[in-house]
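Here the structure is laid out as structure tokens; the discussion comes afterwards.
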Amino acid sequence: MSTKIHHAVDGKGRPLAVVVTGGQRNDGPVLQAVIDDIRVPQPAGSPGRPRTRPDSVMADKAYPSRANREYLRDRGITAVIPEKNDQVNARKRKGSAGGRPPRMDWEAYKGRNVVERSFNLLKQWRGLATRYDKLAVIYRGAAVLAAIVAWLRALGDTP
């Protein structure tokens, strides 16, 4: 009965991909769908395909699954995702058989607030914040419209 927005943003908080799922859906498995939706075209006049692979992915503790880390590693994307406390404890209980902890760049992780600020801008739209829409396609349309407005504002085409 509810919906949830998952999106990827660039370093300035402008949305690159928007995926809407059911509200009860776990965040972790959606990471791959969000990354697969990223398409950044080359500058006008430049040949080549759109860019589909970010340099790094900064995410919170909802995304540290082994599958997500392998997916990012296979695509050559740096994962800046902290481990969950229960995963850390399980690894430490195993001792040397638990393996090494994944590398974490805490300085880069400080930049994750850009994503949170992007979500706060989305919440300024009452329909998105309250999730009144009954159909996910309409809710996604509102999220995409909010993304378009964010890009137009950044490009200086709107006041």
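Each value in this text was obtained by applying a stated rule to the coordinates, not by laboratory testing. Since the model is a prediction, treat every value here as computed from it, not as a measurement. Don't worry about glycine lacking a Cβ; one is built from the backbone with ideal geometry, like all the others, and counts go over all protein chains shown.
Across region 1-154, Cα pairs under 8 Å and at least six residues apart give a relative contact order of 24 percent.
Charges only on Cβ, +1 for Lys and Arg, -1 for Asp and Glu: so what's the dipole of region 3-156 about the Cα centre, in debye to the nearest 20?
260
Report the FRET efficiency, 1/(1 + (r/R0)^6), for Gln124 and Gln32, where r is their Cβ-Cβ distance and R0 is 41 Å, rounded to 0.05. Result of the calculation: an efficiency of 0.90. All other residues whose Cβ lies under 13 angstrom from that of Arg131 are scored, Lys and Arg at +1 and Asp and Glu at -1, for a net of +4. Loop-only chymotrypsin sites (Phe, Trp or Tyr not before Pro) in region 52-159, please: DSSP not H, G, I, E or B, and at most 16 other Cβ atoms within 10 Å. Hits after loop and neighbour filter: Trp125, Tyr132. Cross-link partners of Lys110 among lysines, defined as those whose alpha carbon lies under 23 angstrom from its own and excluding same-chain residues fewer than eight positions apart: Lys12, Lys61, Lys84, Lys123. Neighbours of Leu121 by Cβ distance under 11 Å: Lys/Arg scored +1, Asp/Glu scored -1, total +3.
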